[in-house]
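Below is one structure, written out as structure tokens; the observations come after it.
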Amino acid sequence: MFKNKYILSQMSDEGDFGPLISLEEEDNLDPDSIPATLPVLALKNTVLFPGVVIPITIGRDKSIKAVKKSYEKHKYISVHSQKELKNEDPSFEDLYSNGCIAKIIKMIKMPDGSTTAILQGKIKSELQDLILEDPYLEGNILLKSDIHPTDQLEFEAIMASIKDMAIKIIELSPHIPSEAAAMLDNMKSSAFLINFIASNINITVKEKQGVLDIDSVPDRAQKVMGHLDAQLQLLELRSKIENKVRTDIEKQQRDYFLNQQLKTIQEELGQNPQQEQVNELAKRAKSKKWPVYVRDQFLKELNKVKRINPQVAEYSVSLNYLELMLDLPWETYTKDNFNLKRVKKVLDKEHYGLEKVKERIIEHLAVLKLKGDMKAPILCLVGPPGVGKTSLGKSIATALKREFIRMSLGGLHDESEIRGHRKTYIGAMPGRIIQSLKKAGSSNPVFILDEIDKIGKDFRGDPSSALLEVLDPEQNSTFYDNYLELEYDLSKVMFIATANSLNTIQPALLDRMEIIDISGYSTEEKIEIAAKHLVPHQLKEHGLKSPQVSLTKRVIQQIIQDYTRESGVRSLNRQIAGVMRNAAKRIALDDETKVSVKLTDLEEVLGPTKFSNEKYTNTKLSGVAIGLAWTRVGGDMLYIEASLNKGKGKLTLTGNLGDVMKESATTALSYIKANAEDIGIDHKVFEENDIHIHVPEGAIPKDGPSAGITMMTALTSVLRDQPVRPYLAMTGEITLRGQVLPVGGIKEKILAAKRSGIKEIILCKENEKHVRQIPEEYLTNLKFIYVDKMKEVLDHALS
């Protein structure tokens, strides 16, 4: 609280004062001897009280001139504290109006050339205005007197309390000399004692000014006593804490001392949550089943946490790490269902078709049942959207009685999402593999890696490369997560990846997975799926019961043909939902109790038909041929148009075609020109006409070699002015030598052709083996023509 009264140190500016000096009681001052107009001195950092003496070093020019003027004349100056410390040129508004008349006792020239003045407060004053601001401040001053107490007994009690508090503070403050207590006892004037304590107590300038502003001596005493009480409580608590830890302070460093102080405070409050949390972790660890190396790492980290100050950021990081280790299902496995017949029954119940995938799951379980232990297979289901790849994973988990985890990889760019972040980073967390296992509570779940073909890659790393370790059966038994910093066994996890295309998957990653192709559904399969799964599901979703809505397979077939063009059943599901909404509305309005959907109702319920099989299949125009294309969403029809215009033989290609497709058109035209006589085309046609090839739906990019024979057929058709046979589609690559080469995606293309009402399909002879792999029910009402040469294509298509 108090400064040493025996030392007079150098001050840095007016108001940056060092130790204060207390003199005897205030002089008997004659107010008439003080002029009404006085120079004004602005103080920083402190407030001058009547009777108190302070030394100040004068730095500002105006202050030096004001002090010199007063010292030379009558030695009186009005001292007022500044409201803002940083203001170097204060005006009337920048000063507190209440101040103190001071007498300049002495001016001392210091060795460094600065001037120090010793000021003694005399009487309170009020600055009414400034009459001069340059070269120094000068203003009109009004003297103010104290209001003395009326109840002397109460006032004496307050003063006794103030003196006792001040002496206690001196005793608890090691930097205040003990002589200060004797000095307080020698002060006879109560007003001076209040002023002296207020001047020396450790409070802000604003709070000191608040004390000076009080004219009533008892009220001022009450204010000072409040400040003393707050400081005394702080010192007593600090002394209590220091006494408790004093025996350890010599052995420990400063941070340990602060930690002990914090512990003592918590004990005073009756709390120690950190210790309780650590004890709970240790208790859980005793009953945890985990490898020895994991237990050793946990105990090492636990001992480290016990030594860390809870206020340090590393404490919460280590605590989160320990909780993760406890939450992970180390060596915790669910028991597989080895009733293979039941597994097959569950898979068949929830998914129609997909026999190849189901067979692979049954094979794995059979080996596992016989051997007792086997590394889980890593499957990759590849097929168009909506064929049930993701939902199949959930069905497999249900059949095996395993936990199910799905992790979407679409748009993933950051490698840390797989491997986790190192604990040194703020906000670090484990990778999504470890997080998912923690959530599942088992180390052998069915883990779906959805949309693995859509993983991104940028400056943050390549997640697909991070997956190499996850999906390698030889490596994933020691999977390393950057956050966990321990090896985790993923060999019992059944990973099932899904993709729409293999083209964008990294070759090394593709090599680690067992690829299972899931092609689109035929119309017959879609009808069965709708009847067994989609219709019951939509009935339940719309609050309907089976007897309330009648939807025959013939109606479902019409919806498939007229309102959908897809390999899967998502669009079909939406259309059935539209039918159910209409039925729910009719029943809710009490119009009908049972709704029977007829073929004639579909246009009213679902709107005009969206697709027509007669678009190009039965055209009688020359220059139009139908090709078959493969896309990420399955097979599709590719309509190619060719026309002649008067010109000089220029070839124009439109329809947003890729380079490979443009080259196929050029190759087809070159072959026709080279074999014009055999094909039956006059050479003059090429010299007198420009040729234009267009592929409709120009907003969609198209590329690939499989449209080669279709372009050649369309060109020959327009050059011979002969229409292509109706209900005929084709696919195959061409060469300048007249060969027809095989292409891929045969099943999807055949399904697309069947959906569109095609009756004949021309394929390369080498694609015959792919057709034989397709179930017979997909091929009903379809005729296949297998060819090796382009001439065979033209002979059949233009016959």
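The values are calculated or read from the model by the stated rules, or taken from the named source; none is laboratory data. Since we're looking at a predicted model, the values are computed, not measured. Don't worry about glycine lacking a Cβ; one is built from the backbone with ideal geometry, like all the others, and counts go over all protein chains shown. With ligands, DNA and RNA removed, areas are computed over all heavy atoms of the protein, side chains included. Shrake-Rupley method; radii C 1.70, N 1.55, O 1.52, S 1.80 Å.
Give me the pairs, please: first residue somewhere in the range 775-792 and of a type in the set (S, T, N, Q), second residue anywhere and surrounded by 15 or more Cβ atoms within 10 Å (Cβ to Cβ), beta-carbon distance under 7 Å, and either six or more positions apart or on two chains.
Between residues of the range 775-792 that are of a type in the set (S, T, N, Q) and residues that are surrounded by 15 or more Cβ atoms within 10 Å (Cβ to Cβ), the close pairs are Asn781/Lys759.
Suppose we keep only residues that are open to solvent by 80 Å² or more (accessible area, probe 1.4 Å), in contact with a helix residue (DSSP H, G or I) (Cβ under 7 Å, 6 or more places away or on another chain) and of a type outside the set (D, E, K, R) within the range 140-177. Which one would you say is farthest from Ile77 (Cα to Cα)?
His148
Just name the residue that is most open to solvent (accessible area, probe 1.4 Å) out of those in the range 460-476 that are without any contact (Cβ under 8 Å) to a residue 40 or more places away in the chain and part of a loop (DSSP other than H, G, I, E, B).
Glu474
Okay, residues lined up against (1) without any contact (Cβ under 8 Å) to a residue 60 or more places away in the chain; (2) polar (S, T, N, Q):
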residue: Ile515; (1), (2): no, no
residue: Gly520; (1), (2): no, no
residue: Lys532; (1), (2): no, no
residue: Val535; (1), (2): yes, no
residue: Gln538; (1), (2): yes, yes
residue: Gly543; (1), (2): yes, no
residue: Pro547; (1), (2): yes, no
residue: Leu551; (1), (2): yes, no
residue: Arg554; (1), (2): yes, no
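Going through the range 388-442 one residue at a time, which ones are among the polar types (S, T, N, Q) and in a helix (DSSP H, G or I)?
If the condition is that a residue be among the polar types (S, T, N, Q) and in a helix (DSSP H, G or I), then Thr390, Ser391, Ser395, Thr398, Ser416, Gln435, Ser436 are the ones that fit.
Got a sec? Which helices (runs of 4 or more DSSP H) wholly within the range 480-573 have at least 3 residues that are in contact with a Phe, Trp or Tyr (Cβ under 9 Å, 6 or more places away or on another chain) and closer than 29 Å to Asp636 by Cα?
523-529, 553-563
Could you say whether any residue in the range 379-396 is in contact with a Pro (Cβ under 8 Å, 6 or more places away or on another chain) and open to solvent by less than 10 Å² (accessible area, probe 1.4 Å)?
Taking every residue of the range 379-396 in turn, none turns out to be in contact with a Pro (Cβ under 8 Å, 6 or more places away or on another chain) and open to solvent by less than 10 Å² (accessible area, probe 1.4 Å).
Please find, among Lys749, Lys702, the residue that is more than 30 Å from Lys356 (Cα to Cα), touching a Leu at 6+ places or on another chain (Cβ under 6 Å) and charged (D, E, K, R).
The conditions single out Lys702.
What single numbered condition from (1) open to solvent by 70 Å² or more (accessible area, probe 1.4 Å); (2) under 22 Å from Tyr425 (Cα atoms); (3) among the polar types (S, T, N, Q) fails to hold for Ser318?
Single failed check for Ser318: (1).
Within the range 305-387, considering only helices (runs of 4 or more DSSP H) that don't extend past its boundaries, which have at least 2 residues that are within 38 Å of the chain's Cα centre (by Cα), closer than 30 Å to Gly745 by Cα and not polar (S, T, N, Q)?
340-350, 355-371
Assuming Gly121 fulfils every condition listed in (1) assigned to a strand (DSSP E or B); (2) open to solvent by 10 Å² or more (accessible area, probe 1.4 Å); (3) not aliphatic (A, V, I, L, M) apart from one, which condition is it?
(2)
Among residues belonging to the range 491-521 that are of a type in the set (Ser, Thr, Tyr) and crowded, with 22+ Cβ neighbours inside 10 Å, point out the one that is farthest from Ser567 (Cα to Cα).
Thr498
If you scan the range 624-672, which residues turn out to be crowded, with 16+ Cβ neighbours inside 10 Å, of a type in the set (D, E, K, R) and at pLDDT 85 or above?
Across the range 624-672, the qualifying residue is only Glu641.
Give the residues of the range 284-298 that are surrounded by 10 or more Cβ atoms within 10 Å (Cβ to Cβ) and in a helix (DSSP H, G or I), sorted by residue number.
Arg284, Ala285, Tyr293, Val294, Arg295, Asp296, Gln297, Phe298
Among the residues of the range 203-224, write down those that are assigned to a helix (DSSP H, G or I), open to solvent by less than 40 Å² (accessible area, probe 1.4 Å) and within 18 Å of Lys168 (Cα to Cα).
Answer for the range 203-224, where residues must be assigned to a helix (DSSP H, G or I), open to solvent by less than 40 Å² (accessible area, probe 1.4 Å) and within 18 Å of Lys168 (Cα to Cα): Ala221, Val224.
Would you tally the residues in the range 495-524 being of a type outside the set (Gly, Ala, Ser) and in contact with a Pro (Cβ under 7 Å, 6 or more places away or on another chain)?
2
For a quick check of your reading of the model, give me the residue pairs whose first member lies in the range 154-175 and is more than 18 Å from Lys223 (Cα to Cα), whose second is of a type outside the set (A, V, I, L, M) and assigned to a helix (DSSP H, G or I), with beta-carbon atoms closer than 7 Å and at least 6 apart or on different chains.
The qualifying pairs are Leu172/Glu236; Leu172/Ser239.
Among (1) under 24 Å from Pro385 (Cα atoms); (2) in contact with a strand residue (DSSP E or B) (Cβ under 7 Å, 6 or more places away or on another chain); (3) at pLDDT below 85; (4) not β-branched (Val, Ile, Thr), which single condition is Phe611 missing?
Result: Phe611 passes all but (2).
So, in the range 416-434, of the ones that are without any contact (Cβ under 8 Å) to a residue 60 or more places away in the chain and within 22 Å of Lys457 (Cβ to Cβ), which residue ends up most open to solvent (accessible area, probe 1.4 Å)?
Looking at the filtered set, the residue picked out is Tyr425.
Which ones in the range 226-245 are touching a residue at least 40 places away in the same chain (Cβ under 8 Å) and open to solvent by less than 40 Å² (accessible area, probe 1.4 Å)?
Across the range 226-245, the qualifying residues are Leu228, Gln231, Leu232, Leu235, Ser239.
Take Glu760 and tell me if it is touching a Phe, Trp or Tyr at 6+ places or on another chain (Cβ under 8 Å) and open to solvent by less than 40 Å² (accessible area, probe 1.4 Å).
Answer is yes for this residue.
At negative phi and more than 60 Å from the chain's Cα centre (by Cα): does that describe Ala166?
Spelling it out, it is not the case that Ala166 is at negative phi and more than 60 Å from the chain's Cα centre (by Cα).
Looking at (1) polar (S, T, N, Q); (2) touching a helix residue (DSSP H, G or I) at 6+ places or on another chain (Cβ under 7 Å); (3) surrounded by 19 or more Cβ atoms within 10 Å (Cβ to Cβ), find the lone condition where Thr115 falls short.
Unmet condition: (3).
Take the residues of the range 35-77 that are among the basic types (Lys, Arg) and touching a Phe, Trp or Tyr at 6+ places or on another chain (Cβ under 6 Å): which is most open to solvent (accessible area, probe 1.4 Å)?
Taking the candidates together, the pick is Lys65.
Return the total of residues in the range 785-799 being open to solvent by 40 Å² or more (accessible area, probe 1.4 Å) and under 14 Å from Ile750 (Cβ atoms).
1
Quick one: is Glu768 in a helix (DSSP H, G or I) and surrounded by fewer than 23 Cβ atoms within 10 Å (Cβ to Cβ)?
Spelling it out, Glu768 is indeed in a helix (DSSP H, G or I) and surrounded by fewer than 23 Cβ atoms within 10 Å (Cβ to Cβ).
Scan the range 686-741 for residues that are in contact with a Lys or Arg (Cβ under 7 Å, 6 or more places away or on another chain), under 21 Å from Asp659 (Cα atoms) and hydrophobic (A, V, I, L, M, F, W, C) and jot them down.
Val695, Val740
So how many residues does the range 714-731 have that are assigned to a loop (DSSP other than H, G, I, E, B) and under 20 Å from Lys648 (Cα atoms)?
Going through the range 714-731 one residue at a time, the tally reaches 1.
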